[in-house]
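What follows draws every value from the coordinates through simple rules; no lab data is involved. On a predicted model such as this, the values are computed, not experimentally measured, just so you know. Reconstructed Cβ throughout: ideal geometry from the backbone, glycine too, with neighbour counts over all protein chains shown.
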Amino acid sequence: YLCTLHPEMVGTVIVVDAAGNAPPATPVTEQPPPTPVTTPPPANTPPAGTPATLPTLAEVTMAGNLFAPRTVTVAVGGTVRWLNNDTRPHTVTAADNSFDSGIMAKNATFERVYPTAGTYPYVCAIHPDMTGTVVAATNPAAAATAVASVATQAKAKAKAKKATTKKTKAKARKTRGF
């Protein structure tokens, strides 16, 4: 036998019968290297950087009042597992209250299966600024579209929050006479 990656690596397997008799050795002949075959990509290739398949298990950690990753993608029927790596307690609570982990102490885990395609925002009920999103999709292209939409919504929300904070500070300065 020989290693196809390292042709200099060769060996011999000798099979003996119960009496210890072995047939005469058969010389190893080198095979010519296989001819590479180029296969064209399928017609509906997902965007560059998109995985070929979606994971059936995704993991999210909690630490420093953050879910990481903030947006996670899983195949329809797949599971998301959350792990609290923080010293503080947290929850994983659906924005629409359709699921809730309860209070999770350090090293606690919570799992949920996503049987239907969709975008599922969630929050830590103890720390409302701690948010995340699960995207369950049937194929990588649909997942990429949903993740892009989540990112756009997050940017718009951050911009609105920044504008509100700026107005609040300006109002406070005006009230104090600054």
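On full extension, the segment bounded by R81 and A18 gains 17.4 nm, given 0.36 nm per residue less the C-alpha separation.
Can you compute the FRET efficiency between H127 and Q153 using 1/(1 + (r/R0)^6), with r the Cβ-Cβ distance and R0 = 30 Å? Round to the nearest 0.05.
Here the calculated transfer efficiency is 0.90.
Could I get the Rg over Rh figure for segment 78-136? Both from C-alpha atoms, Rh via Kirkwood, rounded to two places.
Rounded to two decimals, Rg over Rh is 0.95.
Gain on full extension, evaluated as 0.36 nm per residue between N139 and R70 minus their Cα-Cα distance, stands at 22.8 nm. Available extension along the chain between E59 and T119 is 20.0 nm, counting 0.36 nm per residue and deducting the alpha carbon span.
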